[in-house]
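A short write-up of the structure that comes next.
The values are calculated or read from the model by the stated rules, or taken from the named source; none is laboratory data. As the structure is a prediction and not an experimental result, all values here were calculated from the model. In this analysis, Cβ positions are derived from the backbone assuming ideal geometry, glycine residues included, and neighbour counts consider all displayed protein chains. Note: areas computed on protein heavy atoms with side chains; ligands, DNA, RNA excluded. Shrake-Rupley method; radii C 1.70, N 1.55, O 1.52, S 1.80 Å.
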Amino acid sequence: MTIREAVEQEFVDASIARIGKEALYLYTPLCGTCKLGETMLDIVLQSGGNMMPVSKLNINFAPRLRNDWQITSVPCLVLLEHGKPVAKEYALRSVVDLHQWLQI
């Protein structure tokens, strides 16, 4: 499984039904910590298992989500249920932590 690049409209458009659990990784391209977080996410997703789908979105192109979801910094991993944020994690501490976060 790989991390899919998303666009903001997918998450603000109410006409697009989002079913189940998923995660959205918010980042900026010049952030070193964001690059490290994405590498850890790649490792988790490649390890297999029953993981929720993960998309990524450059926060610079998501001003509405940033404001609506009150994102205060990047990297930020947002867990969603039926398209609504239920948890945010800013400190991506380890691959083990991320694995636990992303298990269904």
Are any of the residues in segment 36-58 within 19 Å of Glu81 (Cα to Cα), of a type in the set (D, E, K, R) and open to solvent by 70 Å² or more (accessible area, probe 1.4 Å)? no
Single match in Pro63, Pro75, Pro29 (criterion: at negative phi, open to solvent by less than 40 Å² (accessible area, probe 1.4 Å) and either among the polar types (S, T, N, Q) or at pLDDT 95 or above (or both)): Pro75
Of all residues in segment 90-102, count the ones that are out of contact with any Ser or Thr (no Cβ under 8 Å at 6 or more places or on another chain), more than 20 Å from Gln46 (Cβ to Cβ) and in contact (Cβ under 8 Å) with a residue 12 or more places away in the chain. 0
Give me the pairs, please: first residue somewhere in segment 34-50 and charged (D, E, K, R), second residue anywhere and surrounded by 15 or more Cβ atoms within 10 Å (Cβ to Cβ) and assigned to a helix (DSSP H, G or I), beta-carbon distance under 6 Å, and either six or more positions apart or on two chains. none
Please go through segment 33-84 and give me each residue that is in a loop (DSSP other than H, G, I, E, B) and either β-branched (Val, Ile, Thr) or within 16 Å of Arg18 (Cβ to Cβ) (or both), ordered by number. Met52, Pro53, Ala62, Trp69, Ile71, Thr72, Val74, His82, Gly83
